[in-house]
1. Within the accessible area of the range 1-146, what % is carbon and sulfur when the probe is 1.4 Å and the other protein chains stay in place?
2. Under the 0.36 nm per residue contour assumption, what length would be gained going from the current alpha-carbon distance of PHE179 and SER36 to full extension?
3. Just to be sure I follow the rule: in the chain, considering lysines 8 or more places apart or on different chains, how many pairs have Cα atoms under 27 Å apart?
4. Add -39500 (n - 2.57) for each DSSP H run of 4 or more in the chain, then divide by its residues: what number comes out at 222 nm, to the nearest 500 deg cm²/dmol?
5. Where is the GNM fluctuation largest for the chain (alpha-carbon springs, 10 angstrom cutoff): ASP81, ASP187, ASP61?
6. Volume per residue, Å³, of the convex hull around the alpha-carbon atoms of the range 119-161?
7. In the range 3-124, with Lys and Arg counted as +1 and Asp and Glu as -1 at Cβ, which of these residues, GLY46, LEU76, VAL66, has the Cα nearest the positive end of the dipole, that is, farthest along it?
8. If you average 1/r across every pair of different Cα atoms in the range 3-124 and take the reciprocal, what Kirkwood value do you get, in Å?
Amino acid sequence: MGILEFFNEGQVYEVLLITRSNVAPVGVVRAGRVLSFRLFGGRSAGELGEYPYASIQITNDAELLVKLALNFETHLEFGGDGRYRWIRGLPGVYGEVKSREKEYVDEIGKTKILECSLEPKGFIEGNLPPRPLSRADFHLIEMAVHLTRLLPAVEGGKEEVVERLYDEVISNYRMYKRFGGRSKVADRMVKMAKAGLGESPKNVR
């Protein structure tokens, strides 16, 4: 089982998906030897449609997860074996991705998602720094989750959804600061939320 032993079945784990030329955070769930995840469009989904080989790697760096989710600048070194590509230094697995497109409907609207599964063909060696997660880290990640939903909700004119998601971003920002968070990434997300809000008739603060 190797590294898969650290994934409890049925739980959602935030990890990094490395495709041919992209890196994106995804939530994976393990069932036996298979890791399943969903992609809501984006570059990774497009690449897997053309080249279904990917790596899944683990990080305990909440700020890195957020930066990659929001396409902020990062500095990563990559390795690989020709078919698979991965981030140097992070443990993980690689394998062929099986996927199928499916229609998905939620409060923001209707869209198409890619349902994916990966059964590891090999393991990637790496060592995570001994950095414990803080309570602030969880709120930083939650800010990013709500922000990535807020922006398409604004585009879709979902005013009530926009109001709730904006409040969630701000609420998590306040808790992040309360628990000692000092990353400028959090301040940048607040600015994005306010800019995305634009001239909302709800005039959310």
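1. Roughly 48 percent of what the probe reaches on the range 1-146 is carbon or sulfur.
2. Between PHE179 and SER36, full extension yields an extra 48.2 nm.
3. Going through the chain pair by pair, I get 28.
4. -11000 deg cm²/dmol
5. Per the Cα network of the chain with a 10 Å cutoff, ASP81 tops the list.
6. Details: hull volume 6.4 nm³, N = 43.
Looking at the range 119-161, the number lands at 149 Å³ per residue.
7. GLY46
8. Result for the range 3-124 stands at 14.7 Å.
The values are calculated or read from the model by the stated rules, or taken from the named source; none is laboratory data. Since the model is a prediction, treat every value here as computed from it, not as a measurement. With ideal geometry, Cβ positions are generated from the backbone for all residues, glycine too; neighbour counts draw on all protein chains shown. In case anyone asks, the SASA skips ligands and DNA or RNA and just uses the protein heavy atoms, side chains included. Shrake-Rupley method; radii C 1.70, N 1.55, O 1.52, S 1.80 Å.
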